[in-house]
């Protein structure tokens with residue numbers, strides 16, 4: 001995300017993000033992941049884009065202008081002709097997104113059922129929080145023996161990316177107060193990641209709502225199936241179900257880990273967490289790992305400042321294109 | 001998961017979305033550091049969760065068959081396998097190893 005770093009610039013040079021032939025490719029940025037956002041990973045796959053592809057995480061380089069969008073700034077969005085936009089997501093892309101969120105919904109709801117959470121509770125939280133990553137984070141900390149407070153805190157931390165996503169969405173989603181409120185509520189990584197690729201407002205809005213509908217249907221249906229299925233699974237550990245959480249979380253944040261800064265943060269966080277486990281109360285190692293993210297951002301900025309670069313951090317105009325943080329979606 | 005937890009999770013996820021949409025908006029563009037931190041926090045927290053779930057056992061570290069399942073998941077994620085393949089691959093491998101051992 002330190003756009004001022006040279007390596008980021010290099011990566012940006014090949015930006016295929018706007019390849020008209022591959023609408024889903026840029027969806028990755030959305031991936032940046034809500035770990036809960038299951039959708040992100042799926043988007044990636046749909047696009048079958050190289051994970052290292054810079055186009056996947058525009059957020060990383062807010063001030064960087066992709067070669068094919070000269071001079072684009074938020075204010076100029078309307079000036080660009082719709083001809084520059086990639087084709088709208090095909091039915092196949094939407095179906096893939098839908099299935100991915102369905103899979104995530106099944107996984108999360110089955111885990112809830114396994115813990116004797118009622119059908120009503122599971123469905124309500126699926127709709128109101130609308131975040132698989134938040135639910136998984138909460139359950140994981142509780143599973144590890146952490147307090148409810150620590151579990152809620154970790155769920156809030158993984159949801160910070162939503163604020164970035166809706167801040168990006170706010171200036172682009174035209175429509176009345178009702179649609180905007182609904183749009184904010186249903187924001188996850190893939191739908192915003194896809195819609196920000198379209199400069200034509202009407203087209204961006206259409207892409208946003210189609211994608212959002214596909215994701216919502218998949219997520220809700222998946223939860224309904226999972227909460228039913230969970231009861232019949234039985235002895236979780238014997239079936240290897242204790243690795244469902246780590247595997248599911250990993251799959252949802254894959255897009256975020258695909259960036260250099262994301263990978264560095266992830267590795268540092270894992271090392272710190274393991275080092276702290278035996279020394280501090282359960283749940284705390286996870287919360288303390290959040291400081292790795294802060295340290296990485298500050299360190300990268302400090303490095304960038306010591307190096308003469310064309311884009312001074314102070315003038316970052318940050319097109320909101322980037323932002324896609326968690327893959328987990330919701 | 002209690003109803004209190006449901007409310008708190010909703011406040012965290014939906015609340016931060018509403019704050020981003022209605023209170024932050026384009027102001028975030030002028031605060032690149034905050035944006036970068038907000039984007040990276042989920043990665044740090046989620047990876048820590050994965051680490052805890054893989055080798056943690058309360059307040060001690062236990063290396064067992066979970067490591068094998070998560071290793072399979074890492075490989076599958078690296079190979080860009082679909083979500084469901086990653087999860088099932090990890091579960092099936094772990095269950096198989098436990099059945100054999």
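If residue A:226 satisfies all but one of (1) at pLDDT 85 or above; (2) over 25 Å from residue B:80 (Cβ atoms); (3) not in a loop (DSSP other than H, G, I, E, B), what's the number of the condition it fails?
(2)
Only helices (runs of 4 or more DSSP H) wholly contained in segment A:139-213 count here; list those with 2 or more residues that are surrounded by fewer than 23 Cβ atoms within 10 Å (Cβ to Cβ).
A:148-158, A:177-185
Could you please give the count of residues in segment A:94-117 that are more than 9 Å from every other protein chain (Cβ to nearest Cβ) and surrounded by fewer than 24 Cβ atoms within 10 Å (Cβ to Cβ)?
6
If you check B:63, B:76, which single one turns out to be surrounded by fewer than 23 Cβ atoms within 10 Å (Cβ to Cβ) and either on the phi > 0 side of the Ramachandran plot or touching a helix residue (DSSP H, G or I) at 6+ places or on another chain (Cβ under 7 Å) (or both)?
Criteria check complete, one pass: B:63.
Could you give me the residue pairs with C-beta distances under 6 Å whose first residue belongs to segment A:275-292 and is touching a residue at least 24 places away in the same chain (Cβ under 8 Å), whose second residue is buried (at least 19 other Cβ atoms within 10 Å of the Cβ) and not in a helix (DSSP H, G or I) wherever it lies, and which are 6+ apart or on separate chains?
As it stands, the answer is A:282/A:144; A:282/A:146; A:283/A:146, since those pairs meet every condition given.
If you go through segment B:36-73, how many residues are closer than 14 Å to residue A:164 by Cβ and at pLDDT 85 or above?
5
The values are calculated or read from the model by the stated rules, or taken from the named source; none is laboratory data. Everything quoted here is computed from the prediction, not taken from an experiment. FYI the Cβ positions are ideal-geometry reconstructions off the backbone, even for glycines, and counts take in every protein chain you see.
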